[in-house]
Amino acid sequence: MRLSQNIRCTTARLAGKSAKYLAKLGSGMGKSFPGHIYLKIGKKECVSRLTSKLDIGSILITGTNGKTTTTKITALLLANNTNITYNYESNTINAIVTGLLDGKASLGIFEYGIRDIKHAIPDTVSRIVDPVGVVYTNVSREHSQVSGVKNPFKEYLRAKQLLSAPMKRGIVISNADDPRTAYIGKEKEKDVKVTYYGLDIEMEDKTPVTGDVFCPVCNENLVYTKRYLNHRGIYQCGCGFSRPDPDLKFTQLKAGKDHWQVRLEGEVFNYPTGKNLQMDFPIEVPAFGVHNLYNLLCAAITYVTFTPKPERIEKTTRKIFDSLDLSILPPGRFEIFKVKGDKLVGMGQGDNGDALKANIQFMQTYAGGEIVEQTAFIYTTPDEGEEEIFEDHLSSLIYLNPRMVHVVPGRESVEAARKYYEIIKDKLPADFYPLSHEDMEKRIDKIGELVKKSPYSYVIVSGCGPEQYMWGNLKTSCKGQQ
Ligand SMILES: [Zn+2]
């Protein structure tokens, strides 16, 4: 029995490695195919042999927004101090196993996206990978319907929680400012060490929060004394639940046009050495919004927690953060640029309420006060069955109060877009362009034309849409007008 399992795991490893070699030669399946082959032959039990080869272990990064950016920056930081293997933008166990097949690394860093319990297997993945770190970025409502089935927020939150549920060792890293991830952290404190990160800056989000934010413990409305970004801030509830004290913070933010300066302050437990580390030093980062400040801080705390070379923390952090530019962000990212005639355009994905709001806030930070009077909004809608995302989007649109809303379908259903438009036009001046998903070129051309012809000084283009197929191509086309 023992012997046959040995043979099976070895065969699986060899097959997986040769699949990896083949995948490198071509085909877009390189990120998950080798892992698929490995699991097919070796089954789940063999994966522990791969994970035990890592000196430090594996880290899984999850959340609603910012996973990919956080994973990339964490990998950049840790790669400076040790051998790593990592994978981003691939949300399956196959992709994680593909990363583990690399062999010589001390540390594995993997993005793991979870939409609901049915389509992901978070607790199984956690048991198989046996991570030393599970990292939470934030939890907002999104994908309220997955493959035609309603996905209530409570279950969505529960699915995220399950990724760290089986952990009996290692560290859980949680966003203190987000009551949902803070709740997951608080609940997990009985099993393992939980480390929190949060902001301590003057900047405040004055826009109304999208939807009510309920206490994850007792379901009452949470009371905020300060909000940094939508539902992330400083909060408390009558039942006693409140924001945990962050172990690592960004403080003293100075926001410039191209660069932001901030201090990294705190005391964090370092897993490889078993020691508490204190830090307090300034860093410079590109000006890319409060939402990305959270991603940077999350990457920083993950790095500080898992680096085997604590003496290099300050030097490495400053070096990597200083060299970052916007290319680290995904192709659909929200970007601000000028087009002909000095018009300022903010354009990019905002496919859940939280993300769209972050885009508006970034544009406001960048453009200043006059934006309200002078903005056109080209809104790309969610799909059929995504009414909750639409509700969140609508509340941000109403708050911004743009002079004109051009409504364009963002996903497949033109009829759903029309239905959303009917609701918008009762509240704001709006028009509608029923452009199909199939003819994306036409959709992109039309949006480009709307940007060009708009009489307003500011144009925001945001909402739902496929990452590269729509946003990537749209941005390339509009920047051609610069
Ligand atoms: Zn409560």
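Coordinate-derived values only; no laboratory data. On a predicted model such as this, the values are computed, not experimentally measured, just so you know. Cβ sites come from the backbone with ideal geometry, for glycine too, and all protein chains shown count toward neighbours.
Computed from label points 7 Å out along Cα-Cβ, the spacing between Lys425 and Asn221 is 3.3 nm.
For segment 335-479, what's the relative contact order in percent, using C-alpha pairs closer than 8 Å and at least 6 residues apart? Could the numbers behind the result be given before it?
Details: 263 pairs, mean separation 50.1, N = 145.
So the answer I get is 35 percent.
Electrostatic bookkeeping for Glu449 treats Lys and Arg as +1 and Asp and Glu as -1; over the other residues with beta carbon under 12 Å from its beta carbon, the sum is +4. From most to least packed by mean Cβ count within 10 Å, the peptides 122-130, 280-288 give 122-130, 280-288. Peptides 467-480, 298-311, ordered by how many other C-beta atoms sit within 10 Å of their residues on average, highest first, read 298-311, 467-480. Counting only DSSP beta bridges whose two residues both lie in the chain, roughly 40 percent are antiparallel. With q set to 0.10, 0.14 Å⁻¹, the log10 of I(q)/I(0) for segment 335-479, from the Debye formula over equal scatterers at the Cα positions, is -0.27, -0.56. A simple spin-label model places the labels of Lys442 and Asp258 4.2 nm from each other, with each point 7 Å out along Cα-to-Cβ. According to the Kirkwood relation over distinct C-alpha pairs, the hydrodynamic radius of the chain is 23.3 Å. Amide H contacts for Gly233 (H built 1.01 Å from N in the peptide plane; partners 5 or more residues away or on another chain; cut-off under 5 Å): Asp178, Tyr228.
Each stretch of four or more DSSP H residues adds -39500 (n - 2.57); spread over every residue of the chain, this sum gives -11500 deg cm²/dmol at 222 nm. When cysteine pairs in the chain are screened for C-beta atoms closer than 4.7 angstrom, the residues that find no partner are Cys298, Cys464, Cys478.
With an 8 Å Cα cut-off and a minimum separation of 6 or more residues, compute the relative contact order for the chain in percent.
Relative contact order comes out at 12 percent.
Roughly how many debye, to the nearest 20, is the charge dipole of the chain about its Cα centre, given +1 on each Lys and Arg Cβ, -1 on each Asp and Glu Cβ, and no other charges? The partial results should precede the final answer.
Numbers: 63 positive and 56 negative charges, 389 e Å.
Charge dipole of the chain: 1860 debye, to the nearest 20.
Shown for segment 42-328 is the translational diffusion coefficient from the Stokes-Einstein equation, using the Kirkwood radius over Cα pairs, a temperature of 25 °C and a viscosity of 0.890 mPa s: 129 µm²/s.
If you take every DSSP beta bridge fully contained in segment 137-263, what fraction is antiparallel? Give it as a percent rounded to 5. If we restrict to bridges inside segment 137-263, about 55 percent are antiparallel. When each full DSSP H helix of the chain is screened for a Cα extent of at least 27 Å along its own axis and an average Kyte-Doolittle hydropathy of at least -1.0, the helices passing are 2-25.
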